[in-house]
Amino acid sequence: MNNIKQLREAHHQTAAELGKAIGRSQPTISKWENRRKLKYEEAKLIADYYNIPVCEVTGEAPENYIDLSSGAANMASLPIIDASLSAGSLAEGLIGRQLISMDLIKNITQTAPGNITIVRLHGDAMSPTINENDFVWIDTSITHAQNNGLYLFKAGSQIFVKRLCFNEFTASADIISDNPLYPPVPIKDPEKVQILGKVISIHKFLP
């Protein structure tokens, strides 16, 4: 059984209220709740409304819910990672996958879809640029920083996004948080920083 009813009740909504919010009738919502397997467009509608991965609606393993019917063949399945669950490895933080239009991807980046990972971030170190639960698209093919920008770093058992700013005169760099409460961290040898990818797009979390 899917998770629509649990999600709806967690948000203190009736089936009629949820239906009204997404442009569907109460009987339709009830029918979806009692269906074992949802169509992709149905699950996506609920997922977009609650701003969660599709797999959290379907209750299925994320890698098993990729429906390429109904014109979805021109879609790419991008992994969604929660940084707080990663333990230093992107694969360990997998919480779902999202089908994204190839046209949208091409409007954002020229990198191949297989190089893109979506990461959900936590904390206020990069506020106001990136806030709690915001999603960033990471180009994981970039593992060496050659210019200033936002990068996904690994430090110990944690991954995080920071701004890397180079000083070409000293061949050093600073790791910078956009929140002024967090001071810059100078690094003498930027090549030793373990970079997992570069930020190519930021998507705000809407509660």
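Annotations for the structure displayed:
- Accessible surface of the range 92-165 [probe 1.4 Å, protein heavy atoms]: carbon and sulfur percent: 46
- FRET efficiency for Ala91 and Lys188, using Cβ-Cβ distance with R0 set to 22 Å, rounded to 0.05: 0.10
- Paramagnetic reach from Ser30 (point 7 Å along Cα→Cβ, amide N under 12 Å) across the range 1-16: 15-16
- Residues in the range 82-108 that a label on Asp48 would reach, taking backbone N under 13 Å of a point 7 Å out along Cα→Cβ: 99-101
- In this calculation the C-beta distance from Thr170 to Thr129 is compared with R0 = 22 Å, giving a FRET efficiency of 0.30.
- Note: relative contact order over the chain, using C-alpha pairs below 8 Å and six or more positions apart, is 16 percent.
- Simple spin-label estimate for Ser141 and Lys39 in nanometres, 7 Å along Cα-Cβ: 3.5
- By the compact-protein rule of thumb, 2.2 N^0.38 Å, the alpha-carbon radius of gyration of the range 94-196 corresponds to a ratio of 1.14.
- Every pair of different Cα atoms in the chain enters the Kirkwood calculation, which places the hydrodynamic radius at 18.7 Å.
- Taken over the range 1-53, the percentage of Cα pairs per 10 Å bin, counting from 0 up to the bin with the maximum distance, is 26, 67, 6.
- DSSP-defined antiparallel bridges as percent of all bridges, the chain, nearest 5: 90
- Using Cβ point charges alone (K and R +1, D and E -1), the dipole size of the chain about the Cα centre works out to roughly 480 debye.
The values are calculated or read from the model by the stated rules, or taken from the named source; none is laboratory data. Since the model is a prediction, treat every value here as computed from it, not as a measurement. Reconstructed Cβ throughout: ideal geometry from the backbone, glycine too, with neighbour counts over all protein chains shown. These area figures cover heavy atoms from the full protein model, side chains too; ligands, DNA and RNA do not enter into them. Shrake-Rupley method; radii C 1.70, N 1.55, O 1.52, S 1.80 Å.
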